[in-house]
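Asks: Can you keep this structure in mind? I'll have questions shortly.
Readers should treat all values here as calculations from the given coordinates under stated rules, not as data from a laboratory. Since we're looking at a predicted model, the values are computed, not measured. Here the Cβ positions follow ideal geometry from the backbone for every residue, glycine too, while neighbour counts run over all protein chains shown.
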Amino acid sequence: MKQTALTEKHIALGAKMVEFAGYNMPVSYTGLNDEHITVRTKAGIFDVSHMGEFFITGKGALPLIQKVTSNDASVLTPGKVQYSCLPNDKGGIVDDLLVYKINDEKYLVVVNASNMEKDWNWVESHNDSGAIMNNVSDATSLLAIQGPRATAILQKLTPVDLSQIPYYTFALGTFCRVDDVIISNTGYTGAGGFEIYCKNEDARKFWDAILEAGKEEGIKPAGLGARDTLRLEMGFCLYGNDIDDTTSPIEAGLGWITKFTKKFTNSDALLEQKEKGVSRKLVGFKMIDKGIPRHGYEITDAAGNSIGIVTSGTQSPSLQQAIGMGYVKTELSKPGSEIFIKIRDKLIKTAVTKIPFYKPA
């Protein structure tokens, strides 16, 4: 297993460690529910250094990004971030990702750990514009400080005015007396906060400084378990569960990041899907009867006919209710539609609901 620069810190803090995407990662410290509620009400710090980072530079950078991503990166200005995906040529998704515009000839692409090699090969195979690609994943650490008190905590450690960095915007600035750190108003929790990209050699210093600065605000380290329940409450897709090589962005409700103002991989087929409609859609649902939905459980209609599959599910710590997402036939995708989750051969009544499930105050 690969280690992050902070692995020893997690072990010293008593974290429960698990293998995730080839990395030795903390799944929990004080417990999933405690960490989840701490992030929703105070602040938590996550080590997400397993994520992949590619710099794409040169005059061919934007043409390459435009060719392989579904969103329109031409609208980005320096300091802006864009959520996007890499469509494959069969109607599915290679990966979902973030695109950072540093300047007109320099972009940072952030990809999922489990897809790092696959994504690199895919983008490289489409690089006919002479873009220069540099994989800095192994040299880069990423800390996510999330929660309503995150900004106040981080402001103690940087001269950059964090209140002037809107959502999906970033600054290159000094953090903990280290220059040229990417301070990004992004996250995967819906709780607000920032993500800090740094060199591996600075990661421990940053981790310790953030925990010290956040003592009064009640910051705690949080693991991948809480990260998963937090993102699910917001209805954020997880690659490998809710989206993959077989799910189209139109089916997955990602039409908003699929812009047909340009040509990109498989754009003609996806445009046809948008215009003609799809036979299945990714929906959110809340359990009416008692039961917790899990990835892979069958979704049925009232007669027990299979209509789809659960892609993500959990007991929501914020709502104290079982929630999930899954693909169902389009005719049963409207909010309020009654569906059933098959749990141990029993059909558990469930209702399709709008996402996000949880709306921060």
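Asks: What's the exposure ranking of Phe206, Phe260, going from fewest to most Cβ atoms within 10 Å?
Replies: By the 10 Å Cβ count, ascending, the order reads Phe260, Phe206.
Asks: Note the full-extension length gain between Phe20 and Trp256 as 0.36 nm times their separation in residues minus their Cα-Cα distance, in nm to one decimal.
Replies: Between Phe20 and Trp256, full extension yields an extra 82.0 nm.
Asks: Moving to a separate point now. Using the basic label-point model (7 angstrom from Cα toward the beta carbon), what is the Asn305 to Val178 distance in nanometres?
Replies: So the two model labels end up 5.7 nm from each other.
Asks: Binned at 5 Å from 0, what are the whole-percent values of the Cα-Cα distance distribution for the stretch 1-110, short to long?
Replies: 2, 10, 17, 14, 13, 14, 14, 10, 5, 1
Asks: Still on this structure, I have one more. Run the reach check for Lys156 against lysines, Cα to Cα strictly under 20 Å, same-chain hits fewer than 8 apart removed. What comes back?
Replies: List returned: Lys42, Lys205, Lys215, Lys220.
Asks: Put +1 on the Cβ of every Lys and Arg and -1 on every Asp and Glu Cβ in the chain; which of Gly304, Val178, Gly60 then has its Cα farthest towards the positive end of the dipole?
Replies: My answer, from the dipole projection, is Gly304.
Asks: With θ taken as phi - 60° and the coefficients 6.51, -1.76 and 1.60, list the Karplus ³J(HN,Hα) couplings across the stretch 97-102 in order, rounded to whole Hz; mark glycine and proline as x.
Replies: Going residue by residue, I get 7, 10, 10, 9, 9, 8 Hz, with x marking Gly and Pro.
Asks: Ok, one more. Given H placed 1.01 Å from N in the peptide plane, which residues other than close sequence neighbours of Val94 have an amide H under 5 Å from its amide H?
Replies: The answer is Leu86, Asn88.
Asks: So if I average 1/r over every pair of distinct C-alpha atoms in the stretch 101-212 and take the inverse, what Kirkwood radius in Å does that give?
Replies: For the stretch 101-212, the Kirkwood estimate is 15.4 Å.
Asks: Quick one: Arg344, Arg177, fewest Cβ neighbours within 10 Å first, how do they rank?
Replies: Going from sparsest to densest Cβ surroundings: Arg344, Arg177.
Asks: Would you mind putting 131-139, 213-221 in packing order, based on average other-beta-carbon counts within 10 Å, highest first?
Replies: My ranking of the peptides, most packed first, is 213-221, 131-139.
Asks: Placing +1 at every Lys and Arg Cβ and -1 at every Asp and Glu Cβ, with all other atoms neutral, what dipole size does the stretch 68-179 have around its Cα centre, in debye to the nearest 20?
Replies: The calculated dipole for the stretch 68-179 is roughly 580 debye.
Asks: What aspartates and glutamates sit close enough to Lys359 to cross-link, taking a C-alpha to C-alpha distance under 17 Å and skipping anything fewer than 8 places away on the same chain?
Replies: Asp228, Glu233
Asks: What does the highest-first list of 12-18, 111-117 look like by mean Cβ count within 10 Å?
Replies: Put in order of decreasing packing, that is 111-117, 12-18.
Asks: Add -39500 (n - 2.57) for each DSSP H run of 4 or more in the chain, then divide by its residues: what number comes out at 222 nm, to the nearest 500 deg cm²/dmol?
Replies: Estimated from H runs of four or more residues: -6000 deg cm²/dmol.
Asks: Suppose the chain between Lys215 and Ile288 were pulled fully straight at 0.36 nm per residue; how much longer would it get relative to their current alpha carbon spacing?
Replies: 22.3 nm
Asks: At a Förster distance of 41 Å, what's the computed FRET efficiency of Asp104 paired with Asn200, Cβ-Cβ distance as r, to 0.05?
Replies: Once rounded, the FRET efficiency stands at 0.90.
Asks: Let me ask something else. Could you pull out every residue, at least 5 positions away or on a different chain, whose amide H is within less than 5 Å of the one on Gly223? Hs are placed 1.01 Å off N in the peptide plane, and Pro or chain starts have none.
Replies: Tyr29
Asks: Under 15 Å between alpha carbons: how many lysine pairs meet that in the stretch 279-353, if sequence neighbours fewer than 8 apart on the same chain are excluded?
Replies: Going through the stretch 279-353 pair by pair, I get 8.
Asks: If amide hydrogens are placed 1.01 Å from N in the peptide plane, which non-local residues have theirs closer than 5 Å to the one on Lys2?
Replies: Tyr23, Asn24
Asks: With Kirkwood's inverse mean 1/r over C-alpha pairs for Rh, give me the Rg to Rh ratio of the chain, two decimals please.
Replies: 0.97
Asks: When we measure straight from the Cα of Lys59, which lysines land under 30 angstrom away, once same-chain ones fewer than 8 places off are left out?
Replies: The qualifying lysines are Lys67, Lys80, Lys90, Lys101, Lys106, Lys118, Lys199, Lys259, Lys262, Lys263.
Asks: Would you please name the trypsin sites (Lys or Arg not before Pro) within the stretch 237-274 that are DSSP coil residues with at most 12 other C-beta atoms within 10 Å of their C-beta?
Replies: Answer by residue number: Lys263.
Asks: Give me the Kirkwood hydrodynamic radius of the stretch 71-119, using the inverse of the mean 1/r over all pairs of distinct Cα atoms, in Å to one decimal.
Replies: This gives a value of 11.5 Å.
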